[in-house]
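K.L.:
Sharing a structure, written as structure tokens. Questions coming.
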Amino acid sequence: MSPNTLAIIPARGGSKGIPRKNLKDLAGKPLLVWTIEQALATAGLDVYVSTEDAEIAEVSRRAGAGVIDRPDELAQDTTATEPVVEHAIDVLTAQGRRPDQVMLLQATSPLRLPTTMGRALEEFAASCADSMVGVVPEPIFIWQKEPQVAAHYPYENRPRRQDMTPDQLRYRETGSLYLTKTEIYQRDHNRLGGQIELFVMDPIEGIDIDSLHDFDIAAAELSRLTL
């Protein structure tokens, strides 16, 4: 039997950097709706938005998602994501629908290939992992400035990209997608725990919207992907 997978999309109404960011238009639809539609198009996901905001809740329902009414104390600037997910688990458990695993999706990462979420479910099942984190490949040529200048690669023998060995490759956590067994949230109160695996995504999926300029970049890439 396939595991029951909750796809939860946290969407707070009180964004400070870009007011009402989750509802801001991106290439013809609210930012939040891109992630809802991607999740709904993936077989095996029970899709919910967690929000305290009435307008976000209405937009989510119109897009086809269920809504978890989030209490105001879990919608503050300092609220971590894990308590929001645990609240959603508790709500569904009280309804007799406890999920076996949770796919956490961020609305601010709207670029995902059509097969991404389904592939994540398949890789998670095949890996026997307890949690999985979405990542994109990153160049290894990273330096730090403080407390002293230091390279995080062998600059004395600079490798060519095509010659890099697996142990030299590096990956950046995107924040776009996490897949976690429910008991990890309930035991560790963290989206990552137990045996952790990497879910390698296409580099284009690493765009995270944090500024108005990011909206422009995402809109251009979405237009290219949907042609």
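Each reported figure results from applying straightforward, stated rules to the coordinates on display, with no laboratory input. The model shown is predicted, which means the values in this text are computed figures rather than measured ones. We place every Cβ from the backbone using ideal geometry, glycine too, and count neighbours over all the protein chains shown.
K.L.:
Which residue, VAL133, VAL91, GLY206, has the largest displacement toward the positive end of the dipole of the chain when charges sit on each Cβ (Lys, Arg +1; Asp, Glu -1)?
P.N.:
GLY206
K.L.:
Further question: Between the stretch 117-186 and the stretch 17-80, what is the separation of their alpha carbon centroids in Å?
P.N.:
The distance from the Cα centre of the stretch 117-186 to that of the stretch 17-80 comes to 27 Å.
K.L.:
Among the lysines, which fall within straight-line cross-link reach of LYS16, defined as a Cα-Cα distance under 24 Å, with same-chain neighbours fewer than 8 residues apart omitted?
P.N.:
Within reach: LYS24, LYS29.
K.L.:
Moving on to the next point. Taking the chain as the reference, fit the longest principal axis to its C-alpha atoms, fit the long axis of helix 212-225 to the helix C-alpha atoms, and give the angle between the two in degrees, 0 to 90, nearest 10.
P.N.:
For 212-225 against the chain, the angle is about 90 degrees.
K.L.:
According to the square roots a ≥ b ≥ c of the eigenvalues of the Cα gyration tensor, what is the shape class of the stretch 76-160, taking rounded for a/c under 1.5, prolate for a/b larger than b/c otherwise, and oblate for the remainder?
P.N.:
prolate
K.L.:
Below 8 Å, C-alpha to C-alpha, sequence gap of six or more: please give me the relative contact order for the stretch 43-116 in percent.
P.N.:
In percent, rounded to a whole number, it is 21.
K.L.:
Here's another thing I want to ask about it. Could you tally the net charge around THR180, taking each other residue with its Cβ under 13 Å from the Cβ of THR180, Lys/Arg +1 and Asp/Glu -1?
P.N.:
That works out to -4.
K.L.:
So, one more: Between the helical axis of 81-94 and the dominant principal axis of the chain, each derived from Cα atoms, what acute angle in degrees is found, rounded to the nearest 10?
P.N.:
40
K.L.:
While we're here: If you fit an axis through the alpha-carbon atoms of helix 116-127 and take the longest principal axis of the Cα set of the chain, what angle between them do you get, 0 to 90°, nearest 10?
P.N.:
Relative to the chain, helix 116-127 is tipped by roughly 80 degrees.
K.L.:
When the helices in the chain are scored as -39500 (n - 2.57) per DSSP H run of 4 or longer and the sum is shared across all residues, what 222 nm value do you end up with, to the nearest 500 deg cm²/dmol?
P.N.:
Per the formula, -9000 deg cm²/dmol.
K.L.:
Could you list SER2, SER211, SER127 in order of exposure, starting from the residue whose Cβ has the fewest other Cβ atoms within 10 Å?
P.N.:
So the ranking, lowest neighbour count to highest, is SER2, SER211, SER127.
K.L.:
Quick one: what does P(r) look like for the stretch 1-148 with 10 Å bins over all Cα pairs, in whole %?
P.N.:
Binned Cα distances yield the sequence 10, 38, 33, 15, 4, 0.
K.L.:
Running a GNM on the chain with Cα contacts under 10 Å, which residue among VAL91, VAL136, VAL49 ends up with the highest mean-square fluctuation?
P.N.:
VAL91
K.L.:
If the chain between LEU192 and GLN148 were fully stretched, how many nm would it gain, using 0.36 nm times the residue separation less the Cα-Cα distance?
P.N.:
Additional length available on full extension: 12.7 nm.
K.L.:
Let me ask something else about it. Using a Gaussian network for the chain with springs between C-alpha atoms less than 10 Å apart, which of these wobbles most: TYR153, TYR185, TYR171?
P.N.:
It is TYR153.
K.L.:
Classify the stretch 116-227 from the C-alpha gyration tensor, please: rounded if a/c falls under 1.5, else prolate or oblate depending on whether a/b exceeds b/c.
P.N.:
oblate
K.L.:
Also, quick follow-up: Give the percent of DSSP beta bridges with both residues in the stretch 1-55 that are antiparallel, rounded to the nearest 5.
P.N.:
25
K.L.:
Okay, next question. Which is farthest toward the positive dipole end of the stretch 26-165 among MET164, ALA75, THR35, measuring Cα position about the Cα centre, with Cβ charges +1 (Lys, Arg) and -1 (Asp, Glu)?
P.N.:
Selected residue: MET164.
K.L.:
May I ask you to sort PHE141, PHE199 by Cβ crowding, counting other Cβ atoms within 10 Å and putting the fewest first?
P.N.:
Final ranking by Cβ density, sparse to dense: PHE141, PHE199.
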